[in-house]
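What follows draws every value from the coordinates through simple rules; no lab data is involved. Keep in mind the model is a prediction, meaning the values are calculated, not measured.
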Amino acid sequence: MPSPPRPARFDPGRPGLLLLCAVAVIAAGLSAWLTWAGRPDSVPVPAAVLSAVDVPTPIAAPSTGPSAVASPTSVVVAVVGQVVTPGLVTLPLGSRVADAVAAAGGARPDADLSTVNLARVLVDGEQVAVGVPGAPPADGPSAATPDVPALLNLNTATESELEELPGVGPVLAGRITAYREDQGGFTSVDELQEVSGIGPSTFADLQDAVTV
């Protein structure tokens, strides 16, 4: 039995093969050109626009190195006078004079502390004098204040008390009490000038010593 005929094969030959290669190269080049031509165009940004854009300035962090100024935490004072160990003492900030005296070994048994305000807050670099003759009196509420004589009330004073006033004797004291009784009391110190025998000089001595 005869075999069926084989299908014929296409053979372009050498010239046809070269032609196919040329067509493939042209197609690839055309595709590459179309891709390049279709890319978006870059638009240059003018320099003036760039300069108008605010660029944030970096904020420097606070310095934490050795150059940073630290707040003082202590005070150094000199303790002199009647203490056990006079000299310089270093104490925490806010310490008081009593702390400085204690740091110097305490006051001696015979030390006079009346001129020392033990409650005062210390200041760096100061000198604390304990029981030193001629030292200035201590400041603050604990310092002793001289007694101020009380003013004599013209409406309640007796004749004997009035006689203790400068320039007032028994006769003038009687006139003051008589005027007080006649007028129903003094309403001001200036009324003393209405009393017979009290002139400008006597009134000048009395006006700062009496009240109503």
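Taking 0.36 nm per residue of separation and subtracting the Cα-Cα distance, full extension of the segment from Asp208 to Leu18 would add 54.6 nm.
Could you tell me which of rounded, prolate or oblate describes the stretch 74-130, using a ≥ b ≥ c as the square roots of the eigenvalues of the alpha-carbon gyration tensor, with rounded for a/c under 1.5 and, failing that, prolate when a/b is larger than b/c and oblate otherwise? Prolate, because a/c is 1.5 or more and a/b exceeds b/c.
Each residue of the stretch 100-111 was assigned a 3J(HN,Hα) from its phi angle through the Karplus expression (A = 6.51, B = -1.76, C = 1.60, θ = phi - 60°), giving 5, 5, 5, 5, 8, x, x, 7, 5, x, 9, 6 Hz with x at Gly and Pro. Around the amide H of Glu126, modelled in the peptide plane, lie the amide H atoms of Ala78, all under 5 Å away and 5 or more residues distant in sequence or on another chain. Please label the shape of the stretch 152-211 as rounded, prolate or oblate, based on the square roots a ≥ b ≥ c of the eigenvalues of the alpha-carbon gyration tensor (a/c under 1.5 means rounded; beyond that, a/b larger than b/c means prolate, else oblate). Rounded, since a/c falls under 1.5.
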